[in-house]
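*Asks:* Just dropping this structure here.
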Amino acid sequence: MLKSCKYCMRIHDSKYDCGKKPKRKRQDNGKNKFRWSRKWTEKREKIKERDNYLCLLCKMEGRYNHEDLEVHHITPLEENFNRRIDEDNLITLCKKHHGEAERGRFTKDYLYNILQELYEYDY
């Protein structure tokens, strides 16, 4: 099928590579690939189990929430990809608290202190 190419302004077959189309560059450096990996899936489940399938921030507020749980990287992957599966960098949060943590409502120190109180990690 012939098609007008918006890169070279010519008409050619839709499967023809004219060489003008810019190549896509990976900007995630493998971080998105990690999020779908078996290693992450298993670690995520282990962290939820460690935290008794409860949002630890809800627990600090005196509520026991076990719905819409997600695992949060306290130090984000963008800052330190090497800490992606460190148990002392991962915390179980509900969807609401996870969003707030991503927006910076809770400091890293606050989240690390919660883990330290519960599990006696050394920082």
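*Asks:* Measuring from the lowest to the highest alpha carbon on each principal axis, how far does region 1-111 reach, largest first, in angstroms?
*Replies:* Sorted largest first, the three principal extents are 66, 25, 24 Å.
*Asks:* Regarding region 65-123, what are the three Cα extents along the principal axes, ordered largest first, in Å?
*Replies:* Per principal axis, max minus min of the Cα coordinates gives 28, 26, 19 Å.
*Asks:* Compute the FRET efficiency between residue 117 and residue 24 as 1/(1 + (r/R0)^6), taking r as their Cβ-Cβ distance and R0 = 35 Å, and round to the nearest 0.05.
*Replies:* 0.20
*Asks:* Something else about it: When you count, for each residue, the other Cβ atoms within 10 Å and take the mean per peptide, how do 10-17, 99-106 rank with the highest first?
*Replies:* The packing order, highest mean first, is 99-106, 10-17.
*Asks:* Related question: Over the chain, give the accessible area per residue in Å² for a 1.4 Å probe, as an integer. Each step should come with its number before you reach the end.
*Replies:* Values: 9190 Å² over 123 residues.
Normalised by residue count, the accessible surface of the chain is 75 Å².
*Asks:* Here's something else I'd like to know. Multiplying the sequence separation of residue 102 and residue 82 by 0.36 nm and subtracting their Cα-Cα distance, what value in nm do you get?
*Replies:* Between residue 102 and residue 82, full extension yields an extra 5.3 nm.
*Asks:* Would you work out which of 115, 54, 9 lies farthest towards the positive end of the dipole of the chain, given +1 charges on the beta-carbon of Lys and Arg and -1 on that of Asp and Glu, about the Cα centre?
*Replies:* Selected residue: 9.
*Asks:* Can you compute log10 of I(q)/I(0) for region 55-98 with the Debye formula, treating each Cα as one identical point scatterer, at q = 0.21 Å⁻¹?
*Replies:* -0.66
*Asks:* A further question on this structure: Can you list the lysines whose alpha carbon is less than 20 Å from that of residue 20, not counting same-chain residues fewer than 8 positions off?
*Replies:* Answer for residue 20, where 20 Å is the Cα cut-off: 3, 6, listed by chain and number.
*Asks:* Using only Cα atoms, tell me the angle between helix 38-50 and the longest principal axis of the chain; keep it within 0 to 90° and round to the nearest 10.
*Replies:* Helix 38-50 sits roughly 20 degrees off the main axis of the chain.
*Asks:* Of the cross-linked pairs 23/96; 33/96; 39/59; 33/108; 21/96; 43/95, which ones have a Cα-Cα span greater than 30 Å in the structure shown?
*Replies:* 23/96; 21/96
*Asks:* Here is a follow-up. Can you give me the % of accessible surface on the chain that is carbon or sulfur? Probe 1.4 Å, all protein chains present, nothing else counted.
*Replies:* With neighbouring chains kept in place, the figure for the chain is 47 percent.
*Asks:* Taking the Cα of residue 45, stepping 7 Å toward and past its beta carbon, and measuring to each backbone N in region 58-78: which are under 17 Å?
*Replies:* 69-71
The values are calculated or read from the model by the stated rules, or taken from the named source; none is laboratory data. What you are looking at is a predicted structure, and each value in this text was computed from that prediction instead of being measured. All Cβ positions, glycine included, derive from the backbone under ideal geometry; neighbour counts span all protein chains shown. Accessible surface areas use protein heavy atoms only, side chains included; no ligands, DNA or RNA. Shrake-Rupley method; radii C 1.70, N 1.55, O 1.52, S 1.80 Å.
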